[in-house]
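A.B. asks: Pasting a structure here, questions to come.
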Amino acid sequence: MNENLFHFLNQFASRFDTIDDIFEFFAQDIVWIILIVMAALWITAKPANQKLVFYAGLSTAIALLLGSLLISPAINHPRPFVAHEVNQLIPHAADASFPSDHATLAFSLAFSVWFVRKKLGYILLGLALLTGIARVYVGVHYPGDILGAIVLSFIVSYSVYRTNGKMDVLPNGLIKLYRSLTVKLKFLPRQ
């Protein structure tokens with residue numbers, strides 16, 4: 001089923017340049033939009049937003065480390081373009097594909113926000129889903145790679161969310177350091 005769904009989505013690649021360009025953007029660059037949203041939340045200087053960004057970053061770091069250092073080497077699943085003839089639209093190393101790093105990054109940030117701020121979280125989850133679908137469309141991941149990233153991201157983000165308040169000394173210290181380093185920058189908002 002994983003391969004069948006991959007071939008179903010990937011068969012549409014390389015048919016229309018404009019659509020391919022859109023999916024290439026989704027596959028590679030939506031994560032930058034999500035990161036810009038996180039930076040904007042931080043720069044508001046509201047402690048709640050800054051704690052949210054800290055915990056989202058922590059969730060993402062843990063999920064990416066678990067995925068790349070433990071899960072991916074243990075499963076060592078080849079990428080679609082290694083195992084099959086595919087319509088590959090973006091270059092990628094022929095390393096293990098499970099779970100998707102791009103999807104793990106996008107979903108970890110999105111779930112972390114969703115647990116705290118539902119409306120913004122739904123938007124970020126939509127962007128993360130577009131990233132995942134696009135990674136399959138462009139030929140560098142199977143749907144299972146994206147599903148694995150979603151599950152990993154949810155578990156880690158939820159676990160970190162459940163510790164909120166218990167580890168606030170860490171984000172509070174980082175926020176204090178940030179404020180002391182940027183006190184002279186008048187163009188940044190102050191709380």
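A.B. asks: Identify which of SER100, SER157, SER68 has the largest mean-square fluctuation in a Gaussian network model of the chain, with springs joining Cα atoms closer than 10 Å.
C.D. replies: SER68
A.B. asks: Which angle between 0 and 90 degrees, to the nearest 10, do you get for helix 143-163 versus the longest principal axis of the chain when only C-alpha atoms count?
C.D. replies: Once rounded, one gets 20 degrees.
A.B. asks: In addition: Can you tell me the alpha carbon radius of gyration of region 2-180 divided by the globular rule-of-thumb value 2.2 N^0.38 Å?
C.D. replies: On the way: Rg = 17.2 Å, N = 179, 2.2 N^0.38 = 15.8 Å.
Its radius of gyration relative to the 2.2 N^0.38 Å reference: 1.09.
A.B. asks: If you line up the long axis of helix 17-43 against the longest principal axis of the chain, both from Cα atoms, how many degrees apart are they, to the nearest 10?
C.D. replies: For helix 17-43, the angle is close to 20 degrees.
A.B. asks: While we're on this one: Tally Lys/Arg at +1 and Asp/Glu at -1 over every other residue whose Cβ is under 14 Å from the Cβ of GLN28; what's the total? Could you put the intermediate results ahead of the total?
C.D. replies: Numbers: positive: ARG135; negative: ASP20, ASP21, GLU24, ASP29, ASP101.
Result for the local shell: -4.
A.B. asks: Distance between the C-alpha centers of region 49-124 and region 154-168? Whole Å please.
C.D. replies: Distance between centres, Cα-based: 18 Å.
A.B. asks: Student exercise: in the chain, how many lysine pairs 8 or more apart or on different chains have Cα atoms under 21 Å apart?
C.D. replies: Eligible lysine pairs with Cα atoms under 21 Å apart amount to 13.
A.B. asks: Follow-up question, since we're still on this one. Packing-wise, with mean Cβ within 10 Å as the measure, how do 111-118, 159-166, 134-141 rank, highest first?
C.D. replies: Ranking, from highest mean packing down: 134-141, 111-118, 159-166.
A.B. asks: Placing unit charges on C-beta atoms (Lys and Arg positive, Asp and Glu negative, everything else neutral), compute the dipole magnitude of the chain about its Cα centre in debye, rounded to 20.
C.D. replies: 1500 debye
A.B. asks: Going by alpha carbons, how many degrees (0 to 90, nearest 10) lie between the helix axis of 101-116 and the longest principal axis of the chain?
C.D. replies: Orientation of helix 101-116: about 40 degrees from the principal axis.
A.B. asks: If you take every residue apart from VAL160 with its C-beta less than 12 Å away from the C-beta of VAL160, what net charge results, scoring Lys and Arg +1 and Asp and Glu -1?
C.D. replies: The answer is +3.
Quick note: the coordinates plus some simple rules give every number you see, no bench work behind them. What you see is a predicted model, and the numbers here were worked out from it, not measured in a lab. Virtual Cβ from ideal backbone geometry, glycine too; neighbours counted across all protein chains shown.
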